[in-house]
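Below is one structure; the comments refer to it alone.
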Amino acid sequence: MPATVVVGLQWGDEGKGKTTDLLAESVAMVVRYQGGDNAGHTIVLGGEVFKLHLVPSGVLYPHITPIIGNGVVVNPQTLLDELAMLRSRGVATERIRVSESAHVIMPYHVALDGAMEARLAGDEIGTTHRGIGPAYADRAWRVGLRMADLLEPDALRAKLERVLPEKNAVLVQTHGLPPFDLDEMVARATEWGHRLRPHIVDTTALVQRALAQGRHVLLEGAQGTLLDLDHGTYPYVTSSNPIAGGACTGGGVGPLQVDEVIGVMKAYATRVGSGPFPTELGDDIGRHLLEKGHEFGTTTGRRRRCGWFDAVPLRLAVAVNSVTSIMLNKLDILSGLPEIRLCVAYRIDGRVVEEFPSSGDLLARAEPVYETFAGWEEDLGGVRREADLPRAARGYVDALEHLAGVPISIVSVGADRTATILRRDRPHRPALGGVVPSIAPPAALELWPSREEPAGIAEDRGSEDDDPVDGGPAGGGDPGGAAS
Ligand code: GDP
Ligand code: IMO
Ligand code: MG
């Protein structure tokens, strides 16, 4: 041990990328455990911006082994593009490992995602159109392809021969779209397998080996608790389990191996896509949050809906994730607002409700009951000590902490890794002295064997580099783009 889970407590985009990147300095391995390239995790390092969709946010440290776990759905082309983008910017990618059990997002999943949304016209989920739902549905239906299948062309063809006619029938007959060609699909998938081969391994074995060696493993969630398939605002959710429990199923750890759960939230709320959002603001304050907070999903280009912080689902999120401490991001965005509101209950059909309703219909009728706090004018971007925060900002953080019922141990006041306040009297990991980040990063793990070389390899042979199409800089990697 030890193992830490980083989990979003709201509707995603809480700043998990920054949190993971910050915490990763002192760990050996970072594991993405669910979701796919619907995620967009941003890291800002010395003015350079990295937007990651699939690769875990710890990748920027050379000592980290980044793992894409079995619970992730992988679009192989996105992954190849992201690896190329990272290499073109000087980030080593040879340590990255992808679970052989992770399911593959195939082009027909992407087509079906778009087609199903189009049919819901006016009532759509507002998905990222990345094929996430259809890929997870095929996993549950037991007709999905896994990363290991990409390495066995004959078996791959046999599986596609079974599944593709069904997909084509739906695409053509239900949605009036063109079918996919079997030979072309087998060729494309085989090529992906060829290029990703060194990275595809049994990642559960790696995670377990690291834990057995006493190395610190960080499990990075995508999306957030309110987008969780079970606990979120169904049906306006994603198709996996972002909650901390998802780290066990999707990351290859047991519940008792996790000894810390860091919840990530921002000082206000945002949501992308459809679904109820009781504290949403359509006024100048909403515009302040949108513009000052740069609340745009940059790949899909969608504005994030913005509103006041909602403490009603916070209590649920702390409970279902077993949150041990919280990192509060984007406090700086609230500077300049005359007053700040915090939703502490709902009024639904005339009754005051303090528990987050599981019914979407009830939630859609919820009117927020607010507590109001003093605002502050000062810019917080340069603040590094809690004592230097304006009194009103400290009051707001204390109120959030009180409502959450667990310590807020880290406060972020800017996108850069360094724009961070560690609340020394609230160490998030007392057992390790509460040191975040560590003074000296730990030594790198031995490089894990790749599929090519079963034991003791020193170098990835970089097979994805060999391809002239994507081997160069960024390719379609969209370095500035984050989904959602
Ligand atoms: P994620 O999906 O949870 O990783 O979050 P995103 O990366 O999609 O969105 C968070 C955005 O806020 C990114 O652009 C971050 O660089 C930025 N960010 C994170 N923390 C802070 C902060 O404390 N202040 C400001 N101003 N920006 C932040
Ligand atoms: P990160 O990891 C915010 C939302 C979509 C849509 C719903 C379902 O960056 O926080 P999907 O494509 O998953 O089937 O869409 O989930 N969504 C996100 N919203 N941040 C994300 O990821 C999201 N990933 C999916 O907007 O409402
Ligand atoms: Mg995001």
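The values are calculated or read from the model by the stated rules, or taken from the named source; none is laboratory data. Not measured: the values here are computed from a predicted model. Please note: Cβ atoms are built from the backbone with ideal geometry, for glycine as well, and neighbour counts cover all protein chains shown.
Remarks
- For D21, the conditions (1) away from ligand 2 (no atom under 16 Å from the Cβ); (2) more than 26 Å from A319 (Cβ to Cβ); (3) buried (at least 24 other Cβ atoms within 10 Å of the Cβ) all hold with the exception of (1).
- Exclusive hit being out of contact with any strand residue (DSSP E or B) (no Cβ under 8 Å at 6 or more places or on another chain) and crowded, with 17+ Cβ neighbours inside 10 Å, set L151, L177, L182: L177
- Every residue from segment 367-382 that is out of contact with any helix residue (DSSP H, G or I) (no Cβ under 8 Å at 6 or more places or on another chain) and of a type in the set (A, V, I, L, M): V369
- Condition check for V55: away from ligand 3 (no atom under 12 Å from the Cβ), buried (at least 24 other Cβ atoms within 10 Å of the Cβ) and either modelled with pLDDT under 95 or within 20 Å of A205 (Cα to Cα) (or both): yes
- One residue stands out in segment 1-18 among those that are of a type in the set (A, V, I, L, M, F, W, C) and more than 7 Å from ligand 2 (Cβ to nearest atom): the one that is modelled with the lowest pLDDT, namely M1.
- All of L290, L281, L314, L334 fail the test of being surrounded by 23 or more Cβ atoms within 10 Å (Cβ to Cβ) and either free of Cβ contacts under 8 Å to residues at least 60 places away in the same chain or touching a Lys or Arg at 6+ places or on another chain (Cβ under 9 Å) (or both), apart from L334.
- Within segment 255-270, residues that are in contact (Cβ under 8 Å) with a residue 60 or more places away in the chain reach partners that are hydroxyl-bearing (S, T, Y) with beta carbons closer than 6 Å, at six or more positions or on different chains, in the pairs E260/T4; E260/T324; V261/S322; V261/T324; I262/S325; V264/T19; A269/T279.
- Selection within segment 24-41: residues that are part of a loop (DSSP other than H, G, I, E, B), within 11 Å of ligand 1 (Cβ to nearest atom) and surrounded by 24 or more Cβ atoms within 10 Å (Cβ to Cβ). The member of this set that is farthest from the chain's Cα centre (by Cα) is N38.
This table checks each residue for (1) away from ligand 3 (no atom under 11 Å from the Cβ); (2) more than 20 Å from T78 (Cβ to Cβ); (3) touching a His at 6+ places or on another chain (Cβ under 7 Å).
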site: V7; (1), (2), (3): yes, yes, no
site: G12; (1), (2), (3): no, no, no
site: G17; (1), (2), (3): no, no, yes
site: T42; (1), (2), (3): no, no, no
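- Enumeration of residues in segment 362-383 that are under 20 Å from K292 (Cα atoms) and of a type outside the set (A, V, I, L, M, F, W, C): G375, E377, E378, D379, G381, G382
- Pick from segment 266-282, criterion assigned to a loop (DSSP other than H, G, I, E, B) and of a type in the set (V, I, T), ranking: nearest to ligand 3 (Cβ to nearest atom): V272
- Residue that is farthest from ligand 1 (Cβ to nearest atom) [pool: residues in segment 3-23 that are within 16 Å of I67 (Cβ to Cβ) and among the β-branched types (V, I, T)]: T4
- Boolean, D230 is free of Cβ contacts under 8 Å to residues at least 60 places away in the same chain and either surrounded by fewer than 19 Cβ atoms within 10 Å (Cβ to Cβ) or under 24 Å from G133 (Cα atoms) (or both): yes
- Only a single item in (1) more than 16 Å from ligand 3 (Cβ to nearest atom); (2) part of a strand (DSSP E or B) is not met by A84, and it is number (2).
- Among the candidates P179, P235, P165, the residue that is in contact with a Gly (Cβ under 8 Å, 6 or more places away or on another chain) and more than 30 Å from M29 (Cα to Cα) is uniquely P235.
- Test: residue in segment 54-64 that is touching a residue at least 60 places away in the same chain (Cβ under 8 Å), within 11 Å of ligand 2 (Cβ to nearest atom), in contact with a His (Cβ under 6 Å, 6 or more places away or on another chain) and not aromatic (F, W, Y): yes
- Checking V49, V59 one by one, the residue that is assigned to a strand (DSSP E or B) and either touching a Pro at 6+ places or on another chain (Cβ under 9 Å) or near ligand 1 (Cβ under 10 Å from one of its atoms) (or both) is V49 and no other.
- Restricted to segment 101-184, the set of helices (runs of 4 or more DSSP H) holding at least 3 residues that are away from ligand 1 (no atom under 16 Å from the Cβ), farther than 20 Å from T249 by Cα and among the charged types (D, E, K, R) comprises 107-119, 153-169.
- P66 fulfils the conditions (1) at pLDDT 95 or above; (2) surrounded by fewer than 24 Cβ atoms within 10 Å (Cβ to Cβ) except for a single criterion, (2).
- Q77 vs. criteria assigned to a loop (DSSP other than H, G, I, E, B) and either surrounded by 24 or more Cβ atoms within 10 Å (Cβ to Cβ) or on the phi < 0 side of the Ramachandran plot (or both): no
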